[in-house]
Structures are given as structure tokens and as C-alpha cells.
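Trainee: Provided herewith is a single structure, encoded as C-alpha cells, for subsequent inquiry.
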Amino acid sequence: MPLQGGAMRHIGTGFTVRGFNVTGAAPLYLNGARFPINSLSGAVEPYAYERVEVLKGPASILYGQAAPGGVFNLVSKRPTDAPLREVELELGSWNKKQIAADVSDQLTEDGRMRYRLTALARDADGMIDEMRNDRLSLPGLSLGAGVRHVGWQEIDRMRMPTYTLLDAAVRYQYQQWQLALNVKNLANKTYLSACTGVCLYGDARNVTLTARVNW
């Protein structure tokens, strides 16, 4: 039952059980809920999870569409009743240097409020030149960026974008709570969106902060 990366070994995650791939179109679960990922979603970091549950064979069809080999359920690390303080240092082949930390404790004396912080950072080469195996993991925190092209022009018979805009997003999720910050046109770049007799300017920087809770 190997846990492996994608085509470049560390850009995606793949589970194989009984010879069948359990990612992609087949379901992968996170804390009992569907967890759709692919080779563009980044690699899953095992250190961020308490355990991996495997339901093999025909019984896995109870969860709906699934690979014949079975389904996987990743269980996130949760705050502990007793204080937890763990720091891990690791050195290895291919110039591997890794540090990981796992800390959990009570926020209130009665223990009704607790926290847990898990983080990992790795700097490593690979057996193939220019194929690094770096990793920065902080479960619950997601960073994203996107590039948008507005308008096109012909330069030396090549079609080039007239304007290039940058968007960014930061999201943090803890259990049923989610906080997200989205920024469109991060550099606040002025650009023409259209000119039909009268030129219209595109949107300036737009910032949206969203708080969400599910129950």
C-alpha cells in the first residue's frame, strides 16, 4: 500500500491499494468528507495527519463511486487532552534537512478550549538534477496566486497579452471554521478593459475577507 507522489514524485499524491489508484476520479476522504485532489493540488504531507484509515475491497462501494481497491480516509491531528510538545530534526541523503514541530495544550484551565499547531519544513535535493524535494507544510493554511490576462495585441506576428494582472488568496481552516482573504488586482494596476468610442477602465484592487462556519 504505497504512498507516492505524482509524475514528479512530489507535486501530487497517489495511493495505490491492491494495484488500483485511489486518487483522481476515485474518492479520497478527509475526516469522513470527500477530499477531491489531483496532481495539481500539491502533495499531501503525512506528518499533518493522525492516521490513515483504509477500507479495502467491495465494502468500499458503500461510499459511492470508488476505485475497486478501496477508499482512504485521512484523519487530521486534533488538540490533545494532555500537553504535547514535539520537535523533530532530520538529516539524510541528497542534502536532506528537515524540521517538524507538533504542539498542543489547553487554552483555558477547564480544558474546554484547546489548540494544536503542526508544521514541517524540508530542504532537499533529489536523485535527478534540478528535481528538488522541498516542502513547507502548515495544516489548515492555504496560499494561492493567479495570473489574468486582459486584452491581446499582435507583436511580430505573435499574440501577446496587453495587460497581466495578479490575484492572490490566503485561507485558514480549523475544523468547521474558515477564514479567507481574496485580493484581485494585487498591484492595483490601472488598465483599459474596453474601448468602443469611450474607453472603460478595469476594476482597481478589490479585497474581500470572508468568515464561514459550517454546522
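Trainee: If I ask for residues that are among the small types (G, A, S), surrounded by 14 or more Cβ atoms within 10 Å (Cβ to Cβ) and under 28 Å from F15 (Cα atoms), which ones from the range 72-128 would you list?
Mentor: Matches in the range 72-128: S76, A100, A101, A119, A121, A124, G126.
Trainee: How many residues are in contact (Cβ under 8 Å) with a residue 24 or more places away in the chain and either of a type in the set (D, E) or touching a Cys at 6+ places or on another chain (Cβ under 8 Å) (or both) when one looks only at the range 106-130?
Mentor: Residues meeting the conditions: 2.
Trainee: Can you confirm whether the range 77-85 contains a residue that is at pLDDT below 80 and either in a strand (DSSP E or B) or not acidic (D, E) (or both)?
Mentor: No, every residue in the range 77-85 fails to be at pLDDT below 80 and either in a strand (DSSP E or B) or not acidic (D, E) (or both).
Conditions tested, residue by residue: (1) modelled with pLDDT of 70 or more; (2) under 26 Å from D102 (Cβ atoms).
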residue	(1), (2)
V17	yes, no
V22	no, no
L28	yes, yes
Y47	yes, yes
K56	yes, no
A59	no, no
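Trainee: When I128 is evaluated against the numbered criteria (1) at negative phi; (2) modelled with pLDDT of 75 or more, which criterion, by number, is the only one it fails?
Mentor: That leaves (2) as the condition not met.
Trainee: Go through the range 184-203 and give me each residue that's more than 9 Å from L166 (Cα to Cα), of a type in the set (A, V, I, L, M, F, W, C) and in contact with a strand residue (DSSP E or B) (Cβ under 9 Å, 6 or more places away or on another chain).
Mentor: Across the range 184-203, the qualifying residues are L192, A194, C199, L200.
Trainee: Let me ask you something else. Which condition from (1) farther than 28 Å from R114 by Cβ; (2) at pLDDT below 75 is the one that N95 breaks?
Mentor: That leaves (2) as the condition not met.
The values are calculated or read from the model by the stated rules, or taken from the named source; none is laboratory data. Source: prediction; values computed, not measured. Ideal geometry is used to build each Cβ from the backbone, glycine not excepted, and the neighbour counts take in all protein chains shown.
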